[in-house]
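Read through the structure below, which is laid out as structure tokens, and then see the notes.
Rule-based calculations on the coordinates, nothing more; no lab input. Since the model is a prediction, treat every value here as computed from it, not as a measurement. Don't worry about glycine lacking a Cβ; one is built from the backbone with ideal geometry, like all the others, and counts go over all protein chains shown.
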Amino acid sequence: MEINKFNKVKLKESGLKIAIVLPHFNSKLGNKLLKNAKKELISNNIDKNNIQIFFIAGALELPYACKKIIQRHKPDAIIALGVVIKGETLHFDLVSKYSHYGLMKVQLEMDTPISFGIICANTIDQAKKRVSKNGLNKGKEAAIAALMQTKI
């Protein structure tokens, strides 16, 4: 399902606190995800002062970081971003699987929605298409998914 077609969530409540977590790994592409997610949050009436951004080492560190952010900062939702590009080893499969599994487990245990905005691509070109604001714009999509979860 492509969430982009929803465009705006149209929040009635603008005091939401949103955390965005981004690994440093593949930061050039990751920063595009971040920019697009932040832009979408602001366009949906989230005060820029209520958006906290946390930088971490890599995608495997996301579950632990999200758990600590929930405990310490109590956001209404978290947007977990990142870019994992397939290489020649099993590392890609492990990072993709366990970062996803870990985030799912944390959000259920901590009762805080975590939007999965991690691009798991076979090539750099695929990743570029997914982070581009003129492409699939997965940063925007992750922001919309997080906001939709706050309305449940």
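Could you work out the local net charge near Tyr64, counting Lys and Arg as +1, Asp and Glu as -1, over the other residues with Cβ closer than 14 Å to its Cβ?
After counting each charged neighbour, the total is +2.
When only alpha-carbon atoms are used, what values of Rg and Dmax, in angstrom, describe the chain?
Here Rg and the maximum Cα pair distance are 14.3, 47 Å.
Highest mean first, how do 58-70, 104-116 rank when packing is the count of other Cβ atoms within 10 Å averaged over residues?
In descending order of packing, they fall as 58-70, 104-116.
Using helices alone, I'd like the mean residue ellipticity at 222 nm for the chain: each DSSP H run of four-plus residues gives -39500 (n - 2.57), total over residue count, nearest 500.
Dividing the helical sum by the residues of the chain leaves -15000 deg cm²/dmol.
Per-residue counts of other Cβ atoms within 10 Å, averaged by peptide: what ranking do you get for 87-99, 36-48, 16-28, highest first?
Answer by packing, highest mean first, reads 16-28, 36-48, 87-99.
Checking understanding here: applying a Kyte-Doolittle mean of at least -0.5 and a length along the axis of at least 24 Å (C-alpha), which whole DSSP H helices in the chain pass?
91-110
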